[in-house]
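Novice: The following block contains the structure, expressed as structure tokens.
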Amino acid sequence: MMENTQLPNQHTLKSQVTISGVGLHTGAHVNMTLKPAIAGFGIKFQRIDLPDQPVVKADCDYVVDTARGTTLEHNGAKVSTVEHLLAALVGGGVDNVLVELNGPEIPIMDGSSQPFIDIIEEIGIQSQDAKKIYYSIDTNISYYDDVKKVEMVALPSVDYRITALIDFNSQVLGTQHANLKHMDDFKKEIAPCRTFCFLHELEYLVANNLIKGGDINNAIVVVDRAVTEEELERLAKVFNREKISVAQREGILNNISLRFPNEPARHKLLDIVGDLALIGYPIKAHIIANRPGHASNVEFAKKIKSYIKKNKHVKDIPIYDPNQPAVFDINRIARTLPHRYPFLMVDKIIELSDNMVVGIKNVTFNEFFFQGHFPNNPVMPGVLQIEALSQVGGMLALNTVPDPENYDTYFLKIDNCKFKQKVMPGDTLIMKMELLSPIRRGIVEMRGTIFIGNKVAAEADLIAQIIKSR
């Protein structure tokens, strides 16, 4: 898992906006205000109707219920049905926001993310002075629930994309699937898709007073059995309707029309976007989910979050693709650095910016130092690893002057130097040097790290000075 270096900035809202509605399960009328937040804030909910106005972060570790939606609770703050709003924030490109609520549940609106997308687009989003760090999944991460027959997997991918498949053994729904190839398509393809339930579930929820804020337009109701006129009249009375009937062709209550033929599958995908936002980190992976639900989504989010936390230390490993041309080849390096055989220890530069440089050193058994260090146990001396690092740093420092061939670089200080893995013949050293402060009066202060694969071999803080030699 590594950081993608071509990153957009984080975004927040341009201004605050309020939307009001009823909570589906609690029936509470809630005013919800979305407020801009600083970079790195993330998504947090605040119950302003409670003493001390407690805050709960959008985090899978704080999920306490997934029975009929996703519910968070922490610090005395409990917020239900967060998934549709979270999906809208992810799909709308909002990274940092404070969600103020004067009630226990996000308004259900029409059962989709569209109303939330609409208010985000109404006020707009703004870029912040901080990079958005995506975590690329570099191995398959799988989740399987044998009881519910749920399968979910995250596959390595250059983008965040999702495939959802549903099968409820229903003659009405059949087997459906939905795809989201790029998050830019969320607003048009996924956001309008409403939640759905089966008629027998609706009857149970009504009988047990579990959808106090329910309205017949909050969801697509799938009719999965023969229904009598008496039952329809009873439902009409519950939802204050003159008449409710069944659209025979589609097998749903005819109060609404489907927005897409596979709207239920697309809504399941919407739920995945919202629930996986609880990972807390933007990811790049292809999510494939078969028969997903809130419980499995949250467990899968926890699994991905655990993987990221375990491997977070390797997010800064540079990507070395030998197929890509070098920024500077050995001839260009030799024209910049004063070093020559046997002391030129950089083979190529693969990345260079104003404050960071990455170089490659291929270690072979023919290195001069292996003759004496050590003949029967060839190990690259630590001091030469640091020398190689400094030469990589020299390429960045000397790239700031018009005539690098007229300059030499001298060490002033080495701090926090650690060697964590032996360097042996056959190893490819990926050497990264980052400026810790701007170069002033020729003083270059850098942090260097040597990677072999995804493991740190050595690291140190280096201070050097570039001096004109002629």
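The values are calculated or read from the model by the stated rules, or taken from the named source; none is laboratory data. All figures in this text were calculated on a predicted structure; none of them were measured in a lab. Cβ: placed from backbone, ideal geometry, glycine included. Neighbour counts: every protein chain shown.
Novice: Just checking, how many residues over the stretch 143-164 are over 25 Å from Gly93 (Cα atoms) and part of a strand (DSSP E or B)?
Specialist: Count: 5.
Novice: Sticking with this one: Ile308 is checked against (1) modelled with pLDDT of 95 or more; (2) surrounded by fewer than 21 Cβ atoms within 10 Å (Cβ to Cβ); (3) in contact with a helix residue (DSSP H, G or I) (Cβ under 8 Å, 6 or more places away or on another chain) and fails just one. What number does that condition carry?
Specialist: Against the list (1) modelled with pLDDT of 95 or more; (2) surrounded by fewer than 21 Cβ atoms within 10 Å (Cβ to Cβ); (3) in contact with a helix residue (DSSP H, G or I) (Cβ under 8 Å, 6 or more places away or on another chain), Ile308 comes up short only on (1).
Novice: Going residue by residue through the stretch 355-370, is there one that turns out to be in a helix (DSSP H, G or I) and closer than 24 Å to Lys420 by Cβ?
Specialist: yes
Novice: Related question: Examine the stretch 365-383 for a residue that is without any contact (Cβ under 8 Å) to a residue 60 or more places away in the chain and within 20 Å of Glu434 (Cα to Cα), and state whether such a residue exists.
Specialist: Within the stretch 365-383, one or more residues are without any contact (Cβ under 8 Å) to a residue 60 or more places away in the chain and within 20 Å of Glu434 (Cα to Cα).
Novice: Here's something else I'd like to know. Can you pull out every residue in the stretch 107-142 that is in a loop (DSSP other than H, G, I, E, B), under 21 Å from Phe41 (Cβ atoms) and among the aliphatic types (A, V, I, L, M)?
Specialist: Ile133
Novice: Within the stretch 86-103, is even one residue out of contact with any helix residue (DSSP H, G or I) (no Cβ under 9 Å at 6 or more places or on another chain) and without any contact (Cβ under 8 Å) to a residue 40 or more places away in the chain?
Specialist: No, the stretch 86-103 has no match at all.
Novice: Here is a further query. Consider Pro156 against the criteria (1) surrounded by fewer than 19 Cβ atoms within 10 Å (Cβ to Cβ); (2) at pLDDT below 90: it satisfies all of them except one. Which criterion is unmet?
Specialist: It is condition (2) that Pro156 fails.
Novice: Can you tell me how many residues within the stretch 278-327 are not β-branched (Val, Ile, Thr) and not in a helix (DSSP H, G or I)?
Specialist: 21
Novice: Filter the stretch 41-76 down to the residues that are under 12 Å from Gly280 (Cα atoms) and not in a loop (DSSP other than H, G, I, E, B) and list them by number.
Specialist: Ile43, Lys44, Lys57, Cys60, Asp61, Tyr62 - these are the residues of the stretch 41-76 that are under 12 Å from Gly280 (Cα atoms) and not in a loop (DSSP other than H, G, I, E, B).
Novice: If I go through the stretch 423-452 residue by residue, how many of them are buried (at least 22 other Cβ atoms within 10 Å of the Cβ) and either of a type in the set (D, E, K, R) or touching a Cys at 6+ places or on another chain (Cβ under 7 Å) (or both)?
Specialist: Final tally of qualifying residues: 1.
Novice: Name every residue in the stretch 165-199 that is modelled with pLDDT of 90 or more, in a strand (DSSP E or B) and either of a type outside the set (Gly, Ala, Ser) or touching a Gly at 6+ places or on another chain (Cβ under 9 Å) (or both), in order of residue number.
Specialist: Listed by number, the residues that qualify are Leu165, Ile166, Gln176, His177, Asn179, Leu180.
For (1) under 24 Å from Arg470 (Cα atoms); (2) modelled with pLDDT of 95 or more; (3) not polar (S, T, N, Q), each residue gets a yes or a no:
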site: Arg332; (1), (2), (3): yes, no, yes
site: Arg335; (1), (2), (3): yes, no, yes
site: Tyr341; (1), (2), (3): yes, no, yes
site: Leu344; (1), (2), (3): yes, yes, yes
site: Lys348; (1), (2), (3): no, yes, yes
site: Ile360; (1), (2), (3): no, yes, yes
site: Thr364; (1), (2), (3): no, yes, no
